[in-house]
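Input: a single structure, listed below in structure tokens.
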Amino acid sequence: MANVKSNKIKSNDNILDYILLVVFIFLIIITVYPFLNVLAISLNDPIDTMRNINFVIPRKFTWSNYAYVFRENNLGQAFILSVARTLIGAGAGVICTAMLAYVLSRKDFYFNKLFTTLFVITMYVSGGLIPEYLLLMRDLKMGNNFLVYIIPGLIWVYNMILVRSFIEGLPLALQEAARVDGANDFIIWARIVLPLCKPVLATVALFYAVGQWNAFMDTYLYAKELPTLQYVLYEIMEKATVKIDPHSAEQVKNSVSPLSVRMAVTIVATVPILIVYPFLQKYFVGGMTVGAVKD
């Protein structure tokens, strides 16, 4: 009798395993399909793309869409500028965010709750585009200046809250022991708090890097003389047109589809982030669970 019950339990467990396997395979398919579809369209013949776009393998393979994208002369310069703003912007953002989060995590800071509330309000109420434009262009004279990519995005309130929550979860005894040994706040922040905050700092760094890499509107508004990769790709996408004469084989051969060019631009813009993400994945997962468990 006991063996029958045991076999029945094992059978039920096997059925559950198969159900979970089917569910996970379905989730993988619906997650991977859009990317494969974008990749296939970017590598597909433009004329064929306009006829049928629902596929994951290029029906008529071609590099013409990427050739059209990389034909832009200043693409290399724009790529270097985007890498520079991503690295500098993410690094400066992480440092400034960590410093602010440490200050607001201090229980002995009298205005802790007041400043936290003021920062949170900015997440819901914005000053608007016109005041920002006047501040950066008229008052600070930052038009066509590389710093216009860095300074306005130094602090993201959501990132600050993540880091602050992580710091509040650290043992307070470590900071008190360092203070007894004569360490000031900067030493405590630099030598004790920062090393313990690697998971959340890596998460925040990824957020800043993705934001800096994908930004193009600030280039359009403030720094057209310093075009970034995203802005150049946006212009390429806007210029892509279809000019096809059915009686001209040469035009058909050299034509491009806006959809194919758009997908090629998407791949070019996405690949660098996909390359970096696996190296930060374990820190990203750890950072996103901040505050889920408190000692």
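The values are calculated or read from the model by the stated rules, or taken from the named source; none is laboratory data. Here the structure is a predicted model, which means the values were calculated and not measured. Positions of Cβ are backbone-derived with ideal geometry, glycine not excepted, and every protein chain shown enters the neighbour counts.
Things worth noting here:
- Counting only helices (runs of 4 or more DSSP H) that fall entirely inside segment 60-152 and contain at least 1 residues that are among the acidic types (Asp, Glu), the qualifying elements are 129-133.
- So residue 182, is it over 30 Å from residue 82 (Cβ atoms) and either part of a helix (DSSP H, G or I) or not assigned by TED's automatic domain parsing to the domain that holds residue 277 (or both): yes
- Only one of 71, 59, 106, 138 that is within 24 Å of residue 235 (Cα to Cα) and among the basic types (Lys, Arg): 71
- Checklist (1) touching a helix residue (DSSP H, G or I) at 6+ places or on another chain (Cβ under 6 Å); (2) over 29 Å from residue 231 (Cβ atoms) applied to residue 191, failing item: (1)
Quick grid of which residues meet (1) modelled with pLDDT under 90; (2) of a type in the set (A, V, I, L, M, F, W, C); (3) on the phi < 0 side of the Ramachandran plot; (4) assigned by TED's automatic domain parsing to the domain that holds residue 212:
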residue	(1), (2), (3), (4)
122	yes, no, yes, yes
129	yes, yes, yes, yes
136	yes, yes, yes, yes
142	yes, yes, yes, yes
151	no, yes, yes, yes
160	no, yes, yes, yes
163	no, yes, yes, yes
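- Search result, residues across segment 189-220 that are under 21 Å from residue 107 (Cα atoms) and touching a residue at least 60 places away in the same chain (Cβ under 8 Å): 189, 193, 194, 197, 200
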